[in-house]
Amino acid sequence: MKQPLFGSFDGPHTHEHTLGPLQHISVPMRRFDDNEEADYLIVGIGSAGGVLLQRLARAGFSVVGLEAGPFWDTERDWVSDEAGSHQLYWEDPRVTGGSDPLALGANNSGRGVGGGSVHWAAFTPRLHPSDFEVYTCDGVGADWPLTYDELLPSYEQLELEMPVAGPAYYPWGRPHGYAYGPHPMGGVGNALVRGCSALNIPVSIGGPVAILSGSHGDRPHCIYRGFCIQGCKVGAKASTLITHVPDALHNGAEIRPHSMAARIELGRNGRVTGVHYFDRDGQTHFQKARAVVVAGYAIETPRLLLNSACPGFENGLANSSGTVGRYLMAQAGNVVLGRFDQLVRMYKAPPAHALTEEFYETDPRRDFARGFAIQTVGPLPIAFAKQMVAAKKAWGWGLRREMMDYNHWAALGVLGEILPWPENRVTLDEEKDQFGLPIAHVSFNLHDNDKKLIKFGKEKAFEVMHAAGAAEVVQEARYAHLVGACRMGSDPSTSVTDKFGRTHDIPNLFVCDGSLMPTQGSANPGLTIQALAARTADYLISQGDTIFHSNQRNDTEPRIRRELAPPGTYGKGVPRVR
Ligand SMILES: Cc1cc2nc3c(=O)[nH]c(=O)nc-3n(C[C@H](O)[C@H](O)[C@H](O)COP(=O)(O)OP(=O)(O)OC[C@H]3O[C@@H](n4cnc5c(N)ncnc54)[C@H](O)[C@@H]3O)c2cc1C
Ligand code: SF4
């Protein structure tokens, strides 16, 4: 052979990224000079930041994204292996406390382009209309400053952009259907269906999940190997890294990886002027921008605002209300595991593929407000081992015996709505990180309503598991999906931003991520987070240049800009006849 199979090696091409076997980015990325004033600077290119970056770039704004983690090349950096995937998570030190401390680290945010959408399981249910008026309906929590109907066009749009596979008819919340057909069922889904059918509980099978059930442009369909939480090397699972970032770069956005935002600078005129950040060598820089959007996740977003305290905002930037860091929420995420005589092989499918929302809404016959969903989860062996340690105190030889039995177990997740409480919050700790920045201190406490809801949800999942035929049922108590801590609201004295994510205090400073959510429902938050980002983008685009020089606020609802979707949103895959 005269030539090497794939041509001779002519050095690394730094602008090329493979994103799965077929998709790659090969455009040289635009580079802004620190002194060049970008229109928008986005801190964090994760679930929300990735969508916002794409929209603003396509609309013609100059945009820089600072991302603390790497810009993944999926072929080079990712492995289909549980132990080898830890670099996908934000593992920097954080302090956890309160009466019911949250486990932090691998169970929370991502680090790297795509953020948490890289390691999410991609369950994508919508919130219900009642979630937007929890206080009005149930006298607990808070109302959102927008309605379900206002977010609906963005939900529908993002479901096409990811796209989401699911049933033709989804009965809960505002009933709707999905344009892309559902997935086949794995062993855990079969257990959920068996149990729910025996108890007369409706179940949705095969989605909604942002995983391709048919090939879609340059992305292949799912091959059911179950490494979704490890990133999905196949490219079948949606992440903003593969759905939105390529189009953002094609339209002139810059993503600066390994860039840790340290402090947002406030100018004398009460408007922000840019962001101080550390590069991968620990050198400090200042990027100028006409407006700044913080999209760093429910812990890092309030941390950055608190770390940006300055004269006039001694308690944290944009924190005149004192709510930055408060009303942090996690969903109850108890995992209920059942052992079956027959083989289940729970790894052989995406973990996310069937669920019931039959217990989602407040039921006056129960002694607590709000509700929960029951969903399939498919822990891989290391996660399963931890669950056996927690649930059965298995250890040593006993744990090895449980591990050898792995293929007989099925796992269901209870996803329960914990209410927003002011003392559940992110503050700054005395301890500092590698950059010398105070780390986040996360305090979390369950209230009576939360405890009753978790108990009821857990018992219902046990009932379902037993009805499915499990001989032994155990559970691990845990939490999932942190949101809140910079909530949006109509009242500037009790919220950080308005309904578009614009901070009440500073007209050119925005928040755009899960930290905006005033309540969380019992739907996984990722779709809502991306839909909110698309809505914020529509708003910013509708305001044109005024964001950069005017302090006037215009709350007119923006029109949805479907034309700014990444190419290939329509006319590919397997759209369903409606
Ligand atoms: C194991 C697991 C499974 C999940 N499964 C699902 C699911 O099935 N469905 C669902 O809807 N949700 C799921 N989630 C939750 C979902 O991933 C998150 O809710 C979502 O990604 C949060 O989006 P975000 O935009 O708020 O933050 P992220 O997506 O985490 O993005 C924040 C980004 O900001 C960067 N950043 C933070 N601080 C800085 C800084 N100072 N400077 C520069 N960059 C910074 C981070 O590196 C990160 O890339 C799951 C989460 C986990 C942990
Ligand atoms: S099961 Fe499907 S979505 Fe999950 S990692 Fe495998 S190919 Fe990707």
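The values are calculated or read from the model by the stated rules, or taken from the named source; none is laboratory data. Nothing here was measured: the structure is a model prediction, and the numbers come from that model. Methodologically, a virtual Cβ is constructed for each residue, glycine included, from the backbone with ideal geometry; neighbour enumeration extends over all protein chains shown. All accessible areas refer to the heavy atoms of the entire protein, side chains included, with ligands and DNA or RNA removed. Shrake-Rupley method; radii C 1.70, N 1.55, O 1.52, S 1.80 Å.
If you place +1 on the Cβ of every Lys and Arg, -1 on the Cβ of every Asp and Glu, and leave all else neutral, what size is the dipole of the chain about its Cα centre, to the nearest 20 Debye? Numbers along the way, then the final one.
Values: 54 positive and 62 negative charges, 238 e Å.
Charge dipole of the chain: 1140 debye, to the nearest 20.
If I take every Cα pair under 8 Å that is 6 or more residues apart in the chain, average their sequence separation and divide by the length, what percent do I get for the relative contact order?
Numbers: 1455 pairs, mean separation 128.3, N = 578.
So the answer I get is 22 percent.
Quick check: residue separation of residue 215 and residue 36 times 0.36 nm, minus the Cα distance between them. What number comes out in nm? Could you put the intermediate results ahead of the total?
Details: separation 179, 0.36 × 179 = 64.44 nm, distance 4.09 nm.
Between residue 215 and residue 36, full extension yields an extra 60.4 nm.
Can you bin the range 75-133 into rounded, prolate or oblate? Criterion: square roots of the alpha carbon gyration tensor eigenvalues sorted a ≥ b ≥ c, rounded for a/c under 1.5, prolate for a/b above b/c, oblate for the rest. Write down the numbers at each step before the final one.
Working: a/c = 2.66, a/b = 1.26, b/c = 2.11.
The shape class here is oblate.
Starting from the exponent 0.38 and prefactor 2.2 Å, build the expected Rg for the range 177-333 from its residue count and divide its actual Cα Rg by it.
Working: Rg = 22.1 Å, N = 157, 2.2 N^0.38 = 15.0 Å.
In units of the globular-protein estimate, the range 177-333 measures up at 1.47.
At what distance in angstrom do the alpha carbon centres of the range 182-254 and the range 334-385 lie from each other?
Cα centroid of the range 182-254 versus Cα centroid of the range 334-385: 17 Å apart.
Of the accessible area of the range 334-403, with the probe set at 1.4 angstrom, what percent is carbon plus sulfur?
Working: 1710 of 3060 Å².
Exposed carbon and sulfur together represent 56 percent of the surface.
Would you work out which of 207, 294, 250 lies farthest towards the positive end of the dipole of the range 199-304, given +1 charges on the beta-carbon of Lys and Arg and -1 on that of Asp and Glu, about the Cα centre?
294
So what are the three principal axis dimensions of the chain from its Cα atoms, in whole Å, longest to shortest?
Principal extents (largest minus smallest coordinate, Cα): 74, 67, 53 Å.
Give me a comma-separated list of calculated 3J(HN,Hα) values for the range 452-459, in order, Karplus coefficients 6.51, -1.76, 1.60 applied at θ = phi - 60°, integers in Hz, x for any Gly or Pro.
The phi angles translate into 5, 4, 5, 4, 5, x, 4, 5 Hz.
Find out how many positive minus negative residues lie around residue 509, taking Lys and Arg as positive, Asp and Glu as negative, among other residues whose Cβ is under 10 Å from that of residue 509. Working shown, then result.
Working: positive: 271, 502; negative: 505.
Its environment carries a net charge of +1.
What Rg and what Dmax come out for the range 459-501 when only alpha-carbon atoms are used, in angstroms?
My reading of the Cα-based Rg and Dmax gives 19.8, 54 Å.
Quick one: accessible area per residue over the range 327-384, 1.4 Å probe, rounded to a whole number of Å²?
Numbers: 1750 Å² over 58 residues.
Per residue, the range 327-384 has 30 Å² of solvent-accessible surface.
Per the 1.4 Å probe, what fraction of the accessible area of the range 464-578, in percent, lies on carbon and sulfur atoms? Please list the in-between numbers first.
On the way: 2040 of 4020 Å².
So the carbon and sulfur contribution to the accessible surface is 51 percent.
If every alpha-carbon in the range 353-402 counts as one equal scatterer, what log10 I(q)/I(0) does Debye give at q = 0.19, 0.23, 0.30 1/Å?
Results for the range 353-402 at q = 0.19, 0.23, 0.30 Å⁻¹ read -0.72, -0.80, -1.03.
Could you give me D for the range 96-253, from Stokes-Einstein at 25 °C and 0.890 mPa s, where the hydrodynamic radius is the Kirkwood radius over C-alpha pairs? Units µm² s⁻¹, please.
Working: Rh = 17.9 Å.
D = 137 µm²/s.
Output the relative contact order of the range 85-193, whole-number percent, from Cα pairs under 8 angstrom with separation of 6+ residues. Display every interim value, and only then the final one.
Working: 104 pairs, mean separation 16.4, N = 109.
It comes to 15 percent, rounded to a whole number.
With the convex hull built on the Cα atoms of the range 205-276, state its orientation-averaged projected area in nm².
Working: hull surface 32.4 nm².
Mean projected area of the Cα convex hull: 8.1 nm².
Pull up the DSSP beta bridges for the chain and report the antiparallel fraction as a percent, rounded to 5. Write down the numbers at each step before the final one.
Values: 53 of 73 bridges.
Around 75 percent of the beta bridges assigned by DSSP in the chain are antiparallel ones.
In a Debye calculation with equal point scatterers on the alpha-carbon sites of the range 8-111 and no solvent, what is log10 I(q)/I(0) at q = 0.10 Å⁻¹?
-0.42
Once you've got the Cα coordinates, tell me which of 233/458; 392/455; 233/460; 348/386; 237/393; 237/452 are over 29 Å apart.
Working: 233/458 34 Å; 392/455 18 Å; 233/460 35 Å; 348/386 19 Å; 237/393 34 Å; 237/452 35 Å.
From 233/458; 392/455; 233/460; 348/386; 237/393; 237/452, over 29 Å: 233/458; 233/460; 237/393; 237/452.
Which whole-Hz couplings ³J(HN,Hα) result when phi for each residue of the range 519-526 is put into the Karplus expression 6.51 cos²θ - 1.76 cosθ + 1.60, θ = phi - 60°, listed in order with x for Gly and Pro?
In residue order, the calculated couplings are 9, 10, x, 10, 9, 4, x, x Hz.
Using helices alone, I'd like the mean residue ellipticity at 222 nm for the chain: each DSSP H run of four-plus residues gives -39500 (n - 2.57), total over residue count, nearest 500.
Working: 14 runs with 135 residues, N = 578.
My calculation for the chain gives -7000 deg cm²/dmol from helical runs alone.
Across 10 Å bins from 0, what is the distribution of all Cα-Cα pair distances for the range 90-189, in whole percents?
12, 28, 34, 24, 2
I need to check one value: relative contact order of the range 387-524, counting alpha carbon pairs closer than 8 Å and at least 6 residues apart, in percent.
On the way: 147 pairs, mean separation 30.0, N = 138.
For the range 387-524, the relative contact order is 22 percent.
Enter the accessible area per residue of the range 85-244 (Å², integer; probe 1.4 Å; all protein chains in place).
Details: 4980 Å² over 160 residues.
Per residue, the range 85-244 has an accessible area of 31 Å².
Write out the trypsin sites (Lys or Arg not before Pro) in the range 22-82 meeting two conditions: DSSP loop, and at most 10 other Cβ atoms within 10 Å of their Cβ.
Values: sites: 30, 31, 55, 58, 76; in loops: 30, 31.
Within the range 22-82, the qualifying trypsin sites (Lys or Arg not before Pro) (loop, at most 10 other Cβ atoms within 10 Å) are 31.
One-quarter of the Cα convex hull surface for the range 436-578, in nm²?
Details: hull surface 62.8 nm².
The Cα convex hull of the range 436-578, projected and averaged over all directions, gives 15.7 nm².
Measuring from label point to label point, each 7 Å out along Cα→Cβ, what is the residue 563 to residue 493 span in nm?
Between residue 563 and residue 493, the simple spin-label model gives 4.4 nm.
Which percent of the accessible area of the range 164-291 is formed by carbon and sulfur heavy atoms (probe 1.4 angstrom)? Please report the intermediate quantities before stating the final value.
Values: 2360 of 4570 Å².
Reported share for carbon and sulfur atoms: 52 percent.
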